[in-house]
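Worksheet: one structure, shown below.
None of the figures in this text is laboratory data; all of them are computed from the coordinates on show. Everything numeric in this text was worked out from a predicted model, so none of it was measured. Neighbour counts run over all protein chains shown; Cβ positions are idealised from the backbone, glycine included.
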Amino acid sequence: MWIYEKKLEYPVRIKNPNPKMAKYIITQYGGPDGELAASLRYLSQRYHMPIPEAKAVLNDIGTEE
């Protein structure tokens, strides 16, 4: 079960935008080697695990990733 609250943990104040750094951050989240891709790989692999404990581990890792 997940609880989703759309709020930041810490307030963010951007003084000077940095497009180059923003590109790096977006690549890490959405690129082929990013966090989202890794999370989706773990969550999709859990359906092919024969052991319930392995399914639970992949679910936990994918959720945390």
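Tabulated results
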| read-out | value |
| --- | --- |
| Fluctuation leader among Ile51, Ile25, Ile14 - the chain, Gaussian network, Cα springs under 10 angstrom | Ile14 |
| Translational diffusion of the chain, µm² s⁻¹ [Kirkwood Rh, Cα pairs; Stokes-Einstein; 4 °C; 1.567 mPa s] | 91 |
| Set of lysines with alpha-carbon distance to Lys15 below 28 Å, sequence-local pairs under 8 removed | Lys6, Lys7, Lys23 |
| Relative contact order of the chain, pairs being alpha-carbon contacts under 8 Å that are 6 or more residues apart, as % | 24 |
| Karplus (6.51, -1.76, 1.60) ³J(HN,Hα), θ = phi - 60°, over the stretch 25-40, in Hz, Gly and Pro reported as x | 5, 4, 4, 5, 6, x, x, x, 10, x, 5, 5, 4, 5, 4, 5 |
| Local electrostatic count, Tyr29, Cβ distance below 12 Å [Lys/Arg +1, Asp/Glu -1] | -2 |
| Under the Karplus curve 6.51 cos²θ - 1.76 cosθ + 1.60, θ = phi - 60°, whole-Hz ³J(HN,Hα) for the stretch 44-58, x wherever Gly or Pro sits | 7, 6, 5, 6, 9, 8, x, 9, x, 5, 5, 4, 5, 5, 5 |
| In order through the stretch 6-15: 3J(HN,Hα) via Karplus (6.51 cos²θ - 1.76 cosθ + 1.60), integer Hz, x for Gly, Pro | 8, 8, 7, 5, 10, x, 10, 10, 9, 8 |
| Neighbour cut-off at most 15 other Cβ (10 Å), DSSP loop, chymotrypsin sites (Phe, Trp or Tyr not before Pro), the chain | Trp2, Tyr4 |
| Sequence-distant residues sharing a close amide H with Met49 (under 5 Å, placed H) | none |
